[in-house]
Amino acid sequence: MINKRYTIIDLGSNSFHMLTVIKTDDGFSVFSKNKQKVRLASGLDENNNLSQEMIENGLNCLREFREELNQIQPKKIMITATAALRLATNKEQFIKQAEQILQHPINLISGIEEARIIYRGVTFTTNNKQQMLVIDIGGASTELVIGKNKDILKAESLHMGCVTWLNNYFSDEQLSSINFSSAIKHAKEIIQPYIKQYQDIQWSLCMGASGTIQAINEINDVQKIEKSLTLDLLNNIKHQCINSKHIETLNIEGLEESRKAVFASGLSILIALFESLEIREITPSNGALREGLISMLFDEDEPLNTLL
């Protein structure tokens with residue numbers, strides 16, 4: 001059974017993930033998963049230098065992953081890093097030490113490559129033939145992909161994410177209307193140049209692959225506010241945030257404790273996407289970047305385009 005284990009490690013801007021699966025005839029089953037809220041992007045200063053404290057936090061997490069890898073002994077391993085390390089001017093300092101700990105190379109992927117893999121993860125776990133828009137709000141970037149079946153028609157990676165928006169618009173931890181308005185306004189400014197391109201291609205289904213969208217779905221499952229994930233639902237939840245007044249006292253039924261810090265910032269970006277692209281509703285996806293990487297591990301011939 002050991003030789004059927006495949007592991008991916010995703011060094012994300014919000015969380016570090018390690019996912020190990022067992023390959024099966026009809027896909028895969030999860031053997032183990034480890035998620036750590038490192039929030040790497042919060043360690044970037046105004047010059048995009050990653051703080052020494054955040055570097056150490058990340059490396060400590062990887063030491064834990066290394067111990068787990070020693071036990072799992074997977075057949076194949078793939079490690080990727082995304083937006084926070086793309087931005088970091090001192091990325092080499094972190095990556096060199098991280099590779100020594102993990103004893104494997106780290107693939108720093110571009111935003112477009114990240115978008116491509118996210119879309120692959122969605123199609124790998126979804127039996128859907130419609131032309132769809134896929135949205136993934138990460139810690140320091142947001143990916144937008146339109147595709148049909150396995151063909152990608154349009155892909156972009158935008159420089160906004162739930163950790164960077166937390167630092168920029170909710171750094172005082174106040175869940176005020178002013179902070180929400182500023183966060184939504186700036187997100188719309190970033191989306192604006194791409195609106196016509198996406199609307200010209202069109203889509204019949206919108207799928208969401210991020211933690212923010214999963215959190216909203218979990219809230220709606222508990223509170224039964226709307227039949228699906230719509231703009232009305234987002235605005236209802238935004239008002240619940242504002243009524244809580246402060247991130248520390250954020251109290252929304254159905255929202256997990258671990259998601260509270262970056263929830264308002266991710267919600268702001270999602271509202272901006274709904275309004276800018278005139279999205280009617282979003283269907284949560286079971287797959288995203290990690291599932292896309294797993295499918296690439298299964299496919300021996302699939303190339304990974306990296307920045308290093």
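Details
- Rounded accessible area per residue of the chain, 1.4 Å, Å²: 45
- Gain upon complete extension [Q130, S204; 0.36 nm per residue less C-alpha separation]: 26.0 nm
- Proportion of all alpha-carbon pairs of the range 52-126 beyond 19 Å (%): 44
- The fraction of accessible area contributed by carbon and sulfur in the range 125-266 is 45 percent, rounded to a whole number (1.4 Å probe; ligands and nucleic acids excluded).
- The range 209-260: GluC sites (Glu not before Pro) in DSSP coil with no more than 10 other Cβ atoms inside 10 Å: E253
- Under Stokes-Einstein, with the Kirkwood radius over Cα pairs as Rh, the value for the range 1-127 at 37 °C and 0.692 mPa s is 215 µm²/s.
- Note on D151 and E275: the model spin-label points, each 7 Å out from Cα along the C-beta direction, lie 3.5 nm apart.
- Column: log10 I(q)/I(0), Debye, Cα scatterers of the chain, q = 0.13, 0.14 Å⁻¹: -0.93, -1.09
- In range of the label at H159: residues from the range 170-200 whose backbone nitrogen is under 19 Å from the point 7 Å along Cα→Cβ: 170, 183-195
- In a fully extended conformation the segment linking Q52 and V222 would gain 57.2 nm over its present Cα-Cα distance, using 0.36 nm per residue.
- L304-I190 FRET efficiency (beta carbon distance; Förster radius 30 Å; 0.05 resolution): 0.65
- Using a cut-off of 20 Å between Cα atoms, the listed pairs K154/K238; K35/K96; K188/K238; K37/K260; K35/K245 include K154/K238; K35/K96; K35/K245 as exceeding that distance.
- Remark on T283: its backbone amide H falls under 5 Å from those of C206, M207, G208, a criterion applied only to residues 5 or more positions apart or on other chains, H modelled at 1.01 Å from N.
- Largest GNM mean-square fluctuation across I118, I191, I178, computed for the chain with C-alpha springs under 10 Å, falls on I178.
The values are calculated or read from the model by the stated rules, or taken from the named source; none is laboratory data. Only a predicted model underlies this, so the values are computations on that prediction, with no experimental measurement involved. Note that we place each Cβ from the backbone using ideal geometry, even for glycine, and neighbour counts take in every protein chain shown. Ligands, DNA and RNA are stripped out before the accessible areas are found, and what is left, the full protein with its side chains, is counted by its heavy atoms. Shrake-Rupley method; radii C 1.70, N 1.55, O 1.52, S 1.80 Å.
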